[in-house]
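Quick notes on the structure that follows.
The values are calculated or read from the model by the stated rules, or taken from the named source; none is laboratory data. These numbers come from a predicted model, not from an experiment. We place every Cβ from the backbone using ideal geometry, glycine too, and count neighbours over all the protein chains shown. What goes into the accessible areas is simple: the full protein's heavy atoms, side chains included, and nothing from ligands, DNA or RNA. Shrake-Rupley method; radii C 1.70, N 1.55, O 1.52, S 1.80 Å.
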Amino acid sequence: MLTAGFGIKPGTPLITGHLSHSRICRLHVRPSRDFPQVVPKRRSLCKVASLEDDNAAEALSRYKDRPWDYLQSEEYIERYGTNPVWVGYRRNHKGGIPPQKTRKTCIRGDKICGNPCPICRNPNIIIHHQNVKLLEQFICSHTGAVYDPTLTGVCMKQQKKLKEAVNTAQTHGLLPFEVPYMEFSGEDYSNFHDAVGSTPPPQSLISGDTWYKWYYVKPDENEVAKVKKTYKAYLK
């Protein structure tokens, strides 16, 4: 029962019996002098979420300038271990046969698809030509070619960035690449044309004669007339 300490005068008839919690909360209770009103301290429930967002933003800004540091961090080792980032990835698709091509992109504006590719799902993984350890995960150790996206599950947009980063890293000498070995047989591959071979010494030319007979060939007048007639409207 409610007492006078809650601001209800003695002698006031009260409803006895079962009262629901919602009905009691709707009763207007006035504070009494003997029992001052105590205001409970408010506890913010968003502090933990805000701290996590700040830590994620700080980590992202730190790895943005040096993306290769993420592959040596404890966070990466705890998540991936020694496996490449694409190991164990499986794209959601309809039916039992997977699609022949991966999606064009996983992020369109501010929207992210339901099952992004191994690179788009982790914002700390940034493709850069100096991020050699990441690029080596997508290169075949036997052929030196970049893995097909159907094997790694990478979207076409990230696959294009991977190929460009690998070519840039090979150009800068950060990644090795093999040059095909060509055995030289000693055969002279030059055609025996007068202009390609050794140039003969100049001859005493007579006016009207050509140095090389092949240099000037007089075209057939009938063929020239046909061409002029065909393109008469375009000739000036």
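Taking region 92-137 as the range and being open to solvent by 70 Å² or more (accessible area, probe 1.4 Å), in contact (Cβ under 8 Å) with a residue 12 or more places away in the chain and in a loop (DSSP other than H, G, I, E, B) as the test, the residues that pass are Asn92, Pro98, Gln100, Lys101, Lys104, Gly114, Arg121, Pro123, Gln130.
Quick check: is even one residue across region 66-82 touching a Cys at 6+ places or on another chain (Cβ under 8 Å) and basic (Lys, Arg)? No - not one qualifying residue is present in region 66-82.
In region 66-90, what residues are under 16 Å from the mean Cα position of the chain (by Cα) and over 15 Å from Leu135 (Cβ atoms)? Scanning region 66-90 gives a single hit, Tyr89. Criterion first (acidic (Asp, Glu) and touching a helix residue (DSSP H, G or I) at 6+ places or on another chain (Cβ under 8 Å)) does Asp110 satisfy it? In short, no.
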